[in-house]
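Note sheet for the following structure.
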Amino acid sequence: MNTLQELTLTRPDDFHLHVRDDAQMQAVLPFSARQFARAIIMPNLKPPVVTTALAAAYRDRILSALPDALKHRFEPLMTLYLTDDTAPPEILRAKNSGIVHGVKLYPAGATTNSAAGVTDIARCYAALEAMEKNDMPLLVHGEVTDPSIDIFDREKIFIDTVLTPVIRRFPGLRVVFEHITTQEAADFVAAAPDTLAATITAHHLRYNRNAIFQGGIRPHYYCLPVLKREHHRQALTRAATSGSKKFFLGTDSAPHPCALKENDCGCAGIFTAHAAIELYAEAFEQAGALDRLEAFASFNGADFYRLPRNTARITLRKTPWQIPERIDFAGDMLIPLAAGEMLGWKML
Ligand code: DOR
Ligand code: ZN
């Protein structure tokens, strides 16, 4: 039987990406810009990107950090960081800027640099109403933060206590449930109106929670929302490969210096930008659904965000290659996902 040796796709977009800032950004941005035409840029800097003016300045820094060969080939799609104090006029400014494509809800304390996030969603109703009116998508980190709730249940409970009421109250608001990790989230999105979509990471398609504890504690497999049980991984794979337009690519590639991951209190975040489309290709191939990769990676997200589909193409070849053990990260060391392992597909 002939197996596929080459795969040509419309250039994909990454609808959830952390590029950090300054020298760290310089180190990681080329990995994404080489593969993707556009990326939704997360606003959880220190301090967070809470205004359109800050988003515009961050966008300029991203564009200047691009190496010459990638300049004019990569477009950062900026987001604002929602706080209890985000006011409706800021939403209007964001919309009118043309550079802000979403507003991100981090429940306060849910994850890296989320301390300034939302303490109670009801405090954001005026902002959400302005977003609904002005057609500005809400991007959600879907986990409750109540420390008494088991960390593996936080996404499921977020659906009932935050997401469902928001969708009911603002039926016209487009919402992206970011980096879903559970069967409950996949089922919820599939059954919801077309105003709700979800991104899925490559690492949540590739691993279950055993990866964090394989022979010892493995900090490079720790992210938030944390990896879940195998049946959840299988449900995410079914959703991603289902052909449904509601699911699309968002890597959540989130670099941290190695020393801050291999630490007494290690940071959450997995870096996948070095091999993002290849990691997705492997997951789709294993599911027997390579023919569904293009819609997931290149069409569904653009359509949901009402952006034109890309026209350029990329080619992946079946050529085994070894992922580097480490990557330079502005003088620190960055350990990429699957460091030192072989991957079957390589983008040319
Ligand atoms: O694992 C994560 N890392 N989850 C997030 O939500 C944030 C991200 C980061 O910024 O490092
Ligand atoms: Zn993220």
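A count restricted to the range 184-241 and to residues that are within 16 Å of ligand 1 (Cβ to nearest atom), touching a Leu at 6+ places or on another chain (Cβ under 8 Å) and basic (Lys, Arg) stands at 2. Taken as a whole, the range 65-86 holds at least one residue that is surrounded by fewer than 14 Cβ atoms within 10 Å (Cβ to Cβ) and within 17 Å of Cys124 (Cα to Cα). Could you tell me which residue of the range 97-116 is nearest to Glu155 (Cα to Cα), considering only residues that are at pLDDT 95 or above and part of a loop (DSSP other than H, G, I, E, B)? The qualifying residue nearest to Glu155 (Cα to Cα) is Tyr106. Of the listed requirements (1) under 30 Å from Leu290 (Cβ atoms); (2) within 16 Å of ligand 2 (Cβ to nearest atom); (3) of a type outside the set (A, V, I, L, M), Thr111 misses just one: (1). Within the range 321-342, the set of residues being assigned to a strand (DSSP E or B) and surrounded by fewer than 17 Cβ atoms within 10 Å (Cβ to Cβ) comprises Trp321, Gln322, Asp328, Met333, Met342. Scanning the range 292-316 for residues that are over 26 Å from Gly102 (Cβ atoms) and surrounded by 14 or more Cβ atoms within 10 Å (Cβ to Cβ) yields a count of 1.
In the range 29-51, of all residues being touching a residue at least 40 places away in the same chain (Cβ under 8 Å) and within 12 Å of ligand 1 (Cβ to nearest atom), the one that is surrounded by the fewest Cβ atoms within 10 Å (Cβ to Cβ) corresponds to Lys46. Exactly one residue out of Val176, Val189 is within 18 Å of the chain's Cα centre (by Cα), touching a residue at least 12 places away in the same chain (Cβ under 8 Å) and not in a helix (DSSP H, G or I), and it is Val176. Taking the range 138-155 as the range and being surrounded by fewer than 21 Cβ atoms within 10 Å (Cβ to Cβ), at pLDDT 95 or above and not hydroxyl-bearing (Ser, Thr, Tyr) as the test, the residues that pass are Val144, Ile149, Asp150, Ile151, Phe152, Asp153. Whenever a residue of the range 229-250 is under 25 Å from Gln35 (Cβ atoms), its partners that are basic (Lys, Arg) and part of a helix (DSSP H, G or I), lying with C-beta atoms within less than 6 angstrom and at least six residues away or across chains, give the pairs Thr241/Arg292; Gly243/Arg292. Given the conditions (1) over 24 Å from Asp21 (Cβ atoms); (2) among the charged types (D, E, K, R); (3) within 17 Å of the chain's Cα centre (by Cα), and given that Asp252 satisfies all but one, which numbered condition is not satisfied? Tallying (1) over 24 Å from Asp21 (Cβ atoms); (2) among the charged types (D, E, K, R); (3) within 17 Å of the chain's Cα centre (by Cα), Asp252 fails exactly one: (1). Just so you know, in the range 1-19 the residues that are crowded, with 21+ Cβ neighbours inside 10 Å and among the charged types (D, E, K, R) include one that is farthest from ligand 1 (Cβ to nearest atom), and it is Asp13.
Filtered by the rule that a residue be more than 16 Å from ligand 1 (Cβ to nearest atom) and more than 24 Å from Ala126 (Cβ to Cβ), the range 139-183 gives Asp146, Pro147, Ser148, Ile149, Asp150, Asp153, Lys156, Ile157, Gln183. Filtered by the rule that a residue be touching a Lys or Arg at 6+ places or on another chain (Cβ under 7 Å) and either among the β-branched types (Val, Ile, Thr) or crowded, with 24+ Cβ neighbours inside 10 Å (or both), the range 167-203 gives Thr181, Thr182, Val189, Thr195, Ala197, Ala198.
The values are calculated or read from the model by the stated rules, or taken from the named source; none is laboratory data. Remember, predicted model here, so these are calculated numbers, not experimental data. Neighbour counts run over all protein chains shown; Cβ positions are idealised from the backbone, glycine included.
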